[in-house]
Amino acid sequence: MTEPRRIPLPKTTFAVCRRVDDRRFLLRPDAALTAIVTWLLVVLAPLFDVELHAVTVLSSHYHIVLSVADQRISDFFRDLNSLLAKSVNVLRGARRGIVWEPGALSIVECKTVDAVVFEIA
């Protein structure tokens, strides 16, 4: 008997938001944080086959609109949030090791083009 034909899943687009614990301004903009976030996204996106559409980093949270082909979004954000938290703790000299608000990762699937445009805007 032949192997069943594998049909690749189409890319799925998501809007993701992650907040800093206690709404502290650990992500306030400066050259060092911009370089860290840019470097992490450039390194991690190809590893997890992620296509980034929009990234906005505000002082207390970030928004990312992205597409993933093989549903490895959890792995991507596990690594991104872990490495970003470690970097922010070093950069800001944080006394508390907690960076992200527990359970505050919001992942919303964008099923239409209008939904993607809305999330980017």
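Quick grid of which residues meet (1) under 24 Å from Val90 (Cβ atoms); (2) exposed (fewer than 14 other Cβ atoms within 10 Å of the Cβ); (3) touching a Phe, Trp or Tyr at 6+ places or on another chain (Cβ under 6 Å):
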residue	(1), (2), (3)
Pro10	no, yes, no
Asp22	yes, yes, no
Leu27	yes, no, no
Asp30	yes, yes, no
Thr34	yes, yes, no
Leu40	yes, no, no
Ala45	yes, no, no
His53	no, no, no
His63	yes, no, no
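Scan the stretch 33-42 and give yes if some residue there is among the aromatic types (Phe, Trp, Tyr) and at pLDDT 95 or above, otherwise no.
Yes, the stretch 33-42 contains a residue that is among the aromatic types (Phe, Trp, Tyr) and at pLDDT 95 or above.
Given (1) of a type in the set (D, E, K, R); (2) out of contact with any Leu (no Cβ under 7 Å at 6 or more places or on another chain); (3) modelled with pLDDT of 90 or more; (4) surrounded by 13 or more Cβ atoms within 10 Å (Cβ to Cβ), where does Arg72 come up short, assuming only one miss?
(3)
Between a first residue in the stretch 67-82 that is touching a residue at least 24 places away in the same chain (Cβ under 8 Å) and over 14 Å from Val37 (Cα atoms) and a second residue that is among the aliphatic types (A, V, I, L, M) and surrounded by 16 or more Cβ atoms within 10 Å (Cβ to Cβ), which pairs have beta carbons less than 6 Å apart while being 6 or more apart in sequence or on different chains?
Sorted first by the residue in the stretch 67-82, then by its partner, the pairs are Val68/Val50.
The values are calculated or read from the model by the stated rules, or taken from the named source; none is laboratory data. The structure displayed is predicted, hence computed values, not measured ones. Glycine gets a Cβ as well: all are built from the backbone with ideal geometry, and neighbour counts include every protein chain shown.
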